[in-house]
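This report refers to the structure that appears directly beneath it.
The values are calculated or read from the model by the stated rules, or taken from the named source; none is laboratory data. On a predicted model such as this, the values are computed, not experimentally measured, just so you know. For the accessible areas, the whole protein counts, side chains as well, though only heavy atoms, and no ligand, DNA or RNA atoms are used. Shrake-Rupley method; radii C 1.70, N 1.55, O 1.52, S 1.80 Å.
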Amino acid sequence: MSALYLGVDAGNSKTAALVCDVTGTIAGAGRSGCGDIYGAASPEAAVAEVLAAIDAALAQAGANRSDVAGAAFRLAGVDWPEDRTYWENALAGRYPSRSILNDGYAAIRCGEPSGVGIAVAAGTAAAIAARGPDGALWDMGWWGQHAMGALGLAIEAFRAVNLAELGLGRETALTAALPAHYDLSSVAELNHWFTRREGAATHPQKAGCARVVTAAAAAGDPVAVEIVRAQGRHLATYAGVAARRTGLTSAGGAVGVVLTGSVLMADASPVAEAMLAELPAHVPGAVPHRSELPPAAGAALDALGEGGVPLTGAVLDRLMGTLPPKAFLET
């Protein structure tokens, strides 16, 4: 069997693994649960999920670990040096040629095959990462001081309707829309469900109302509009930090900014619109790209690129043309 390359994208909602050959043809795909050492029941459980996704991808490809010439692990929860050390130890002896980075880096090559640029991902949560022209790296990790992504929209909307209910905030269409979305009759019931000691709403359940918030903003509700604009401003601001920390703006040229994640990729996304309006002020020369590839594909491209494979148009086309069904890689 010819050499294979492995890309892994691990998050809280799922872990996806893709195995491809030197031409970019995907030979196997695997999916499992939470691969975040911060979010799983235990770090060992996260490792087990990552290995399960890889084993499924290799089995589909009819391959073994020894067939993998290079691997790129893009893992949520690789935020500090000790996190990377943990994964280095967990993977020791399995994949000798590998790189381990935060999952935010996975999307860069989805829009910038060179791997130089910024990725801004806003799904359930948000991840921002950048690679500079000299190889400098920076990712937001725990530096982010604002709730972003679908969960950020939900948190701000929840705050707004509670303040309105108490007479401390502006009236908003969200007061009726949020409880209705969850088949609840009042803000009081919503507050109880979001905060009670037992049986409280999970983060994914809370994040599920993000589309209600963006729909209210699109309809012109002033409170929802303000929430959406703040989200876009936060994302652009942290993208600016990423650009400065990696030297992307010092040369004065174009800077690729790859947008990905359900919040930014939704049709007519008001959050994407707000972010793009703010972006030039924070990233001079920004050239936005909406990613057509899932982050797992970006990780596979990282594995190929790091293995010395030229990422030509033919390789990109072959990879895109052999992706598993869209639903397989969706959250």
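Remarks
- A full extension of the chain between ASN89 and TYR38 corresponds to an added length of 16.7 nm, given 0.36 nm per residue minus the alpha carbon distance.
- Most mobile of LEU153, LEU58, LEU168 in a GNM of the chain (Cα contacts under 10 Å): LEU168
- Gap separating the Cα centres of region 217-254 and region 20-56, nearest whole Å: 31 Å
- Share antiparallel - DSSP beta bridges, region 75-210, percent rounded to 5: 90 percent
- Of interest is the spacing of the C-alpha centroids, which for region 255-331 and region 83-121 amounts to 15 Å.
- Solvent-accessible area per residue, Å², over the chain with all protein chains present [probe radius 1.4 Å]: 44 Å²
- In this structure the amide hydrogen of MET148, modeled in the peptide plane, comes within under 5 Å of the amide hydrogens of ALA126, none closer than 5 places in sequence on its chain.
- Gaussian network model of the chain, springs between alpha carbon atoms under 10 Å - residue of ARG244, ARG170, ARG65 with greatest fluctuation: ARG170
- Percentage of interatomic Cα-Cα distances in region 118-247 larger than 22 Å: 42 percent
- Per-residue ³J(HN,Hα) for region 19-32, Karplus 6.51 cos²θ - 1.76 cosθ + 1.60, θ = phi - 60°, Hz, x for Gly and Pro: 10, 9, 9, 5, 7, x, 5, 7, 9, x, 9, x, 9, 8
- In degrees, nearest ten, helix 81-91 long axis to first principal axis of the chain (Cα): 50 degrees
- Share, in percent, of DSSP beta bridges within the chain that are antiparallel, nearest 5: 50 percent
- Debye intensity ratio in log₁₀ form over the Cα atoms of the chain, taken at each q of 0.07, 0.08, 0.11, 0.15 Å⁻¹: -0.29, -0.38, -0.71, -1.19
- When you work out D = kT/(6 pi eta Rh) for region 85-176 at 10 °C and 1.306 mPa s, using the Kirkwood radius from C-alpha pairs as Rh and the Stokes-Einstein form, the result is 98 µm²/s.
- Helix 149-165 vs. the chain, principal-axis angle (Cα, 0 to 90°, nearest 10): 10 degrees
- Largest GNM mean-square fluctuation across ALA281, ALA299, ALA119, computed for the chain with C-alpha springs under 10 Å, falls on ALA281.
- Share of carbon and sulfur in the accessible heavy-atom surface of the chain [1.4 Å probe, %]: 54 percent
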